[in-house]
1. Just to be sure I follow the rule: in region 46-156, considering lysines 8 or more places apart or on different chains, how many pairs have Cα atoms under 19 Å apart?
2. Accessible area of the chain with a 1.4 Å probe: how many percent of it is carbon plus sulfur?
3. So if R0 is 30 Å, what FRET efficiency would Arg45 and Met1 give, r being the distance between their Cβ atoms, rounded to the nearest 0.05?
4. What number, in percent, do you get for the relative contact order of region 50-156 if the mean sequence gap of Cα pairs under 8 Å and at least 6 apart is divided by its residue count?
5. Could you give the distance between the Cα centres of region 1-21 and region 58-101, to the whole Å?
6. Mind putting a number on the dipole of the chain about its Cα centre? Charges go on the C-beta only, +1 for Lys and Arg and -1 for Asp and Glu, and I need it in Debye to the nearest 20.
7. For a protection proxy built on the mean count of beta-carbon atoms within 10 angstrom, sort 56-68, 86-98 highest first, please.
8. When the expected Rg is taken as 2.2 N^0.38 Å, what fraction or multiple of it is the alpha-carbon Rg of region 73-156?
Amino acid sequence: MRITVIAVGKLKERFWEDAVAEYRKRIGPYARLEIVEVPDRDPDRCGGEKAARETEAADILKACPDQAHVIALAIEGTPRSSEELSQHLDELSLQGISDICFIIGGSTGLAKSVYERADETLSFGTITLPHNLARVVLLEQLYRAFKISRGEPYHK
């Protein structure tokens with residue numbers, strides 16, 4: 001399986017980089033993981049939040065693999081438990097989908113064009129997560145999903 005994570009913004013603190021590196025290493029035996037960072041845009045310099053979202057969206061859509069099944073992270077998306085996410089990834093694989101792209105928006109959210117490209121949305125609940133934390137949570141949940149799928153132990 002090939003997983004692409006497109007995230008708006010760069011990781012600026014070392015502890016986020018370390019967490020991502022750890023989960024990248026853990027996911028390695030299960031899938032090829034690529035993380036693409038697109039620049040976050042300052043709404044004050046872009047002509048407002050909508051313009052910032054649209055500029056980020058152009059970068060996101062350009063980075064998104066054409067053949068990928070796209071899952072956008074959104075508060076209003078479908079919530080899934082770890083077990084449900086694992087089962088869903090298995091179902092996608094059984095359907096012949098081996099290229100999955102997750103999209104994490106920036107501080108102003110995602111533009112409509114990104115949602116239109118997405119095949120589905122995923123929610124980590126109704127709380128708002130900073131994009132750095134959302135990236136780490138996503139990677140941890142992907143690692144957990146692979147462990148669940150293979151019946152391998154993982155701490156609870």
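1. The result is 4.
2. Within the chain, the accessible surface is 49 percent carbon and sulfur.
3. The calculated FRET efficiency here is 0.20.
4. 40 percent
5. Here the two parts' Cα centres lie 17 Å apart.
6. Taking the Cα centre of the chain as origin, the dipole is about 360 debye.
7. The peptides rank, most packed first, as 56-68, 86-98.
8. Taking the Cα Rg and dividing by 2.2 N^0.38 Å, one obtains 1.12.
The values are calculated or read from the model by the stated rules, or taken from the named source; none is laboratory data. Values in this document were obtained by computation on a predicted structure and should not be read as measured data. Backbone-built Cβ (ideal geometry, glycine too); neighbour counts: all protein chains shown. With ligands, DNA and RNA removed, areas are computed over all heavy atoms of the protein, side chains included. Shrake-Rupley method; radii C 1.70, N 1.55, O 1.52, S 1.80 Å.
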